[in-house]
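**Q** Handing you a structure now.
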Amino acid sequence: MNHYLMIGPWQIILILSIVFLGVIATIMALIDIVRNEFSGNNKMVWVLVVLLANFLGALLYFVIGRKQKLPATTH
């Protein structure tokens with residue numbers, strides 16, 4: 001029997017942790033995008049990038065996209 005192909009409990013915990021962190025990062029990025037204003041169609045572009053690229057899209061948004069937000073206006 002090939003034991004090297006079996007997944008143990010620690011591997012399952014590691015895989016689930018990585019997936020959980022990816023989902024949390026994606027949700028946080030989407031919430032930040034929805035709550036802020038962007039110029040032109042940048043908001044829709046960032047939503048698509050985050051949804052289609054998942055963790056990588058969220059990482060790109062936090063590195064590049066947050067700088068593209070319009071400053072908040074005071075009323």
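Every number here is computed from the coordinates shown, using simple stated rules; none is lab data. Quick caveat, the model's predicted, so the values are computed rather than measured. Cβ atoms come from the backbone with ideal geometry, glycine included; neighbour counts cover every protein chain shown.
**Q** Can you give the angle from 0 to 90° between the axis of helix 9-35 and the longest principal axis of the chain, with both taken from C-alpha atoms, to the nearest 10?
**A** 10
**Q** On to the next question. Sort 33-41, 51-59, 20-28 for me by packing, meaning the mean count of neighbouring Cβ atoms within 10 Å per residue, highest on top.
**A** 51-59, 20-28, 33-41
**Q** Can I ask one more? Using the Kirkwood radius over Cα pairs, work out the Stokes-Einstein diffusion coefficient for the chain at 20 °C and 1.002 mPa s, in µm²/s as a whole number.
**A** Reported coefficient: 151 µm²/s.
**Q** To the nearest 10 degrees, how steep is helix 42-63 against the longest Cα principal axis of the chain, on a 0 to 90 scale?
**A** 40
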